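Following: one structure in structure tokens, then a few remarks.
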Amino acid sequence: MKYALIGCGRIAPNHVVAARQNDLEITALCDTVERNAGMLGKKFDLPEMVHKYTDYREMLEKERPELVAIATESGSHAKIALDCIEAGCNLIIEKPIALSLWDADLIIERSKEKGVRICPCHQNRFNKSIQKIRQALEKERFGRLFYGTAHVRWNRGYEYYSRAKWRGTWENDGGALMNQCIHNIDLLRWMMGDNITEVVGMTDRLNHEYIEGEDMGIALIRFANGSYGIVEGTTDIYPRNLEETLYIFGAKGTVKAGGRSVNIIEEWRFADLLDDADEIKARYSENPPNVYGFGHIPLYRDMIDAIQNNREPYISAEAGRRALELVLAIYKSAAEGRSVKFPLTECATKDFVGRFGTARS
């Protein structure tokens, strides 16, 4: 299967590794900064026949890939995705799927019209820990769900934001919830039943005057099934990343996933006593070298199979929209000082320009 990557920055190596591990034919790398594609090719010793482009439209026309991964700045995801869909390409789109619900809906609509598959890159769903928790959930081992919590307590400083000027801007990114926390927000919504009735949120910029978006966000979520969710996300933790955790609390079960990227099962308690907690913790925990984890490889494997067998990928475009919807609802609630009812039909990060004043250099 012919494959191309658009965007050769921070996350790009994970995509190249996943493409190689799944025997894709890497035909092209594209980045608006010419040296980025060249450096990525050299890093992985890719053959010269892997062409380098600075214009993805030219790449689409000349290479005609079957599967494209989009790993550019968030604000460009929708435009590039729509052009790729028009060219008949199946897509893996780095989070978030878009920065407006209108764009997300358009991606979904156009992909169905063209008969192509879209997979938003929420790779943590494939963590061994998360898959085991999901299995317990689907077997109803938790009993009635009470509430779940998602915590991302990380550190990002001036060096991180200065390396890419789009980071932290409303036009091309958003703040901590949209960039750093959306993976865990996706997991919380997925685990707790997906359907939400309302959200109350608060956000602030406490420690990063040089960005436009928030560096701290807290939200309370009411799910349609009667359960609740709590989100806490920040990039203000001193002096380095502390943890990313997901808790699920039910009448008959309590689970905690933690570690770098919710990749370690730290608590496993169920009333049915069907398994040994220590064995589960040892067997379904991983220690990845960074917060990106090991999920890209199985995500690619599933996407390839979805294309070959004409089915929806495990992580659908609609799932990407739901994660986006929840973050935008938190933003909207915080900005307007009220609860926000679901479904949310129109909202975009650009709606919050000036929320915390202008960024200072």
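Where a number appears in this text, it was derived from the coordinates with a stated rule and is not lab data. Quick caveat: nothing in here was measured; it's all calculated off a predicted structure. A quick note on method: Cβ atoms are made from the backbone with ideal geometry, for glycine too, and the neighbour counts reach across all protein chains shown.
Quick notes on this structure:
- Over the chain, relative contact order from alpha-carbon pairs under 8 Å, at least 6 apart, %: 20 percent
- Of the residues Val340, Val152, the one with the fewest other Cβ atoms within 10 Å heads the list, and the complete ranking is Val340, Val152.
- Counted charge near Pro313, where neighbours are those whose Cβ lies closer than 12 Å (Asp, Glu -1; Lys, Arg +1): 0
- When both bridge partners sit in the chain, DSSP labels roughly 55% of those beta bridges antiparallel.
- Taking each residue as 0.36 nm, the span from Arg338 to Asp23 lengthens on full extension beyond its C-alpha to C-alpha distance by 108.4 nm.
- Within-12-Å neighbourhood charge of Lys165 [Cβ basis; K, R +1; D, E -1]: -2
- The alpha-carbon positions of region 287-357 define a convex hull whose volume is 151 Å³ per residue.
- Environment charge of Pro47, counting only residues whose C-beta is closer than 13 Å and scoring Lys/Arg +1, Asp/Glu -1: 0
- Under 30 Å from the Cα of Lys165 - lysines, other chains or at least 8 residues apart: Lys42, Lys43, Lys52, Lys79, Lys95, Lys332, Lys350
- Ordering Thr149, Thr345, Thr234 from the fewest to the most neighbouring beta carbons within 10 Å gives Thr345, Thr149, Thr234.
- With eigenvalues of the C-alpha gyration tensor scaled by 5 and rooted, the chain, Å: 31, 25, 20
- D (Stokes-Einstein, µm²/s), Kirkwood Cα radius, region 1-149, 1.002 mPa s at 20 °C: 130 µm²/s
- Residues Met216, Met49, ranked from the fewest to the most other C-beta atoms within 10 Å, line up as Met49, Met216.
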